[in-house]
Amino acid sequence: MADALAKRRRGGGRAGNAARRGHAVIEQMPWRLPVNLDRPTEPLDEAGIAALHDGAMRILEEIGVAFLNPEALEIFCAAGCRVEGELVRMDRDFVMEMVGKAPSSFTLTPRNPDRKLVIGENYILFGNVSSPPNYWDMEIGRKVPGTREQCANLLKLTQYFNCIHFAGGYPVEPVDLHASIRHLDVLFDKLTLTDKVMHAYSLGPERVEDVMEMVRIAGGLSHEEFEATPRMYTNINSTSPLKHDHPMIDGCLRLIRRGQAVIVSPFTLAGAMAPVTMAGAVAQSLAEALCAIALFQYVRPGCPCAIGPFTSHVDMKSGAPAFGTPEYMRATQMTGQMARFYGLPLRSSGVCAANVPDGQAMWETSNSLWAAVQSGTNMVYHAAGWLEGGLIASPEKFIMDCELLQQIQRYLEPATFATGPDEIALEAIREVGQSGHFFGIQHTQDRYTTAFYQPFLSDWKNFEAWQADGAVWTPERAHRMFKEIIASFEPPPMDPAIREELAAFVDRRKAEGGAPTDF
């Protein structure tokens, strides 16, 4: 397909739309925080909720979770939990008391306050793909290790698309940057190429402290202003089954003590890192998440936390992870019910197991994104650009996913199910009566430009017209769009003095060695 892309020339169709778009590559929906007014899909009855809760509590009471962080063990001892070596057991009353201190919603305010997010309530927000070590696009045509340039280009897509609300971890790991200074260069790129909410990896104190300082500098904030309200967040995974490692817990403790947000996301694959039954996997993931949230609330009551159990399963034939499956969807829905039971904001993911941006990639991603809608998710990680179970980031997939995200946003708009007199349209029906059509009447003329979702990537021409226009498949259109967006990208404004201070901080920390590594 890459060879075919090089041979084809762009003709009419979307090229012909350029004049109507002006300088914009596409006509996209405006920035907004989508609100999900649908009733959530709830497969569990009251007995099912009670059973999952009891299962999670019994794991914490009887089996316990290992914390490989000495400070956390000291805190649990002080709280009266049973600590034996690195194994912690805690009573359900303690867990529920602590979890009850967490807010049901909170805000995240980036350097551009117009991009402020509400995490919780009925909001559903989408983030970019995070942390794949590899990259694929149609021009390269193969999987390659990520680079800083590729990472920066995906950050430009993150900024460009209004349906992407927050910048997660590195959209592809830039392995051409040494691990000791990678966080400094990538955060500089993130803070200068985007003005959306930032993420910090909890991978050692230096990285967490550096990112907090860079976010503070980029926002032009004093230390007091930075700590007065959440400005950024981290997302941590437990080491399933039933372990939390040292650096992630350390990073979370550092962040919450300075008023920043934490999302706890056990990554439990049923049949491998958790029981083969979805209820067992969900119960385990709840236990792994709730014990960490209890720790954070004991240390700083009311600190902003979200729960994000990321439960899927493996292919029992090969052991490979599977995503966007019926079981994944049900696990997400069940987790949504439990998040509401605990009064916590919910994180889920937009994921697939496909290796290239093909039909499988889109139906699995669609399943996972609609499961997020059905579950009442508040933050959707990896909503654009994810391939191969999170091992590949792709700009074509990113753009294809953004088409789907815009469709979901349109689906959630009250206008699509309004029932006022204008929507019932009796006078229009009366005017047309039993003959004629609705194309030319005033009711249609007044509304035709906004009545229906208008795609920026989908091609609605018939086969003959599509063939005459070059027979361009969807990933090829996405690739061309990617190139146009990157070529025309303009970074969001930043005060030159702030940019200079940010660069000076990066230079100083690089000279000091950045974060220690063993290589």
Apart from one, (1) in contact with a helix residue (DSSP H, G or I) (Cβ under 8 Å, 6 or more places away or on another chain); (2) surrounded by 21 or more Cβ atoms within 10 Å (Cβ to Cβ); (3) at pLDDT 95 or above all hold for Ser366; the odd one out is (2)
Can you find a residue in segment 153-174 that is assigned to a loop (DSSP other than H, G, I, E, B), closer than 30 Å to Thr474 by Cβ, at pLDDT 95 or above and open to solvent by 20 Å² or more (accessible area, probe 1.4 Å)?
yes
Checked segment 52-95 for anything under 19 Å from Met338 (Cβ atoms), touching a residue at least 60 places away in the same chain (Cβ under 8 Å) and not in a strand (DSSP E or B); matches are Leu52, His53, Gly55, Ala56, Met57, Ile59, Leu60, Ile63, Met90, Phe94, Val95
**Asked** Could you say whether any residue in segment 432-442 is open to solvent by less than 100 Å² (accessible area, probe 1.4 Å), small (Gly, Ala, Ser) and modelled with pLDDT of 95 or more?
**Response** yes
Q) Just to be sure, is Phe226 over 30 Å from His313 (Cβ atoms), of a type in the set (Phe, Trp, Tyr) and open to solvent by 10 Å² or more (accessible area, probe 1.4 Å)? A) no
Being aliphatic (A, V, I, L, M), open to solvent by 40 Å² or more (accessible area, probe 1.4 Å) and at pLDDT 95 or above narrows Ile486, Ile429 down to just Ile429
Those residues of segment 320-361 that are closer than 18 Å to Met273 by Cα, open to solvent by 40 Å² or more (accessible area, probe 1.4 Å) and among the hydrophobic types (A, V, I, L, M, F, W, C) come to a total of 1
Here the residues within segment 424-442 that are out of contact with any Ser or Thr (no Cβ under 7 Å at 6 or more places or on another chain) and part of a loop (DSSP other than H, G, I, E, B) are Ala425, Gly433, Gln434, Ser435, Gly436, His437, Phe439, Gly440, Ile441
Next on the checklist: Here is a check on your reading of the model: is Tyr298 in contact (Cβ under 8 Å) with a residue 60 or more places away in the chain and among the aromatic types (Phe, Trp, Tyr)?
Outcome noted: yes
Residue set Leu87, Leu117, Leu125, Leu68; condition open to solvent by 30 Å² or more (accessible area, probe 1.4 Å), under 30 Å from the mean Cα position of the chain (by Cα) and not polar (S, T, N, Q); output residue Leu68
So, first residue more than 12 Å from Gln260 (Cα to Cα) in segment 204-227, second residue open to solvent by 30 Å² or more (accessible area, probe 1.4 Å) and of a type in the set (Ser, Thr, Tyr), Cβ within less than 7 Å, six or more apart or across chains; the pairs are Arg207/Tyr201
Of the residues in segment 369-393, those that are of a type in the set (A, V, I, L, M, F, W, C) and buried (at least 24 other Cβ atoms within 10 Å of the Cβ) come to Leu369, Ala371, Ala372, Met379, Val380, Ala383, Ala384, Trp386, Leu387, Ile392, Ala393
- Message: Is it the case, given these coordinates, that Thr311 is of a type in the set (S, T, N, Q), open to solvent by less than 10 Å² (accessible area, probe 1.4 Å) and modelled with pLDDT under 95?
- Response: yes
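To keep it simple, each residue is scored yes or no on (1) aromatic (Phe, Trp, Tyr); (2) touching a Ser or Thr at 6+ places or on another chain (Cβ under 8 Å).
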residue: Glu71; (1), (2): no, no
residue: Gly85; (1), (2): no, no
residue: Val95; (1), (2): no, no
residue: Val99; (1), (2): no, no
residue: Phe106; (1), (2): yes, no
residue: Pro110; (1), (2): no, no
residue: Leu117; (1), (2): no, yes
residue: Glu121; (1), (2): no, yes
Of the residues in segment 310-333, those that are touching a strand residue (DSSP E or B) at 6+ places or on another chain (Cβ under 9 Å) and either part of a strand (DSSP E or B) or farther than 14 Å from Pro266 by Cβ (or both) number 14
Matching residues in segment 239-274 (polar (S, T, N, Q) and open to solvent by 10 Å² or more (accessible area, probe 1.4 Å)) number 2
Checked segment 443-470 for anything open to solvent by less than 60 Å² (accessible area, probe 1.4 Å), of a type outside the set (A, V, I, L, M, F, W, C) and not in a helix (DSSP H, G or I); matches are Tyr453, Pro455, Ser458, Asp459, Asp469, Gly470
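The values are calculated or read from the model by the stated rules, or taken from the named source; none is laboratory data. These numbers come from a predicted model, not from an experiment. Don't worry about glycine lacking a Cβ; one is built from the backbone with ideal geometry, like all the others, and counts go over all protein chains shown. These area figures cover heavy atoms from the full protein model, side chains too; ligands, DNA and RNA do not enter into them. Shrake-Rupley method; radii C 1.70, N 1.55, O 1.52, S 1.80 Å.
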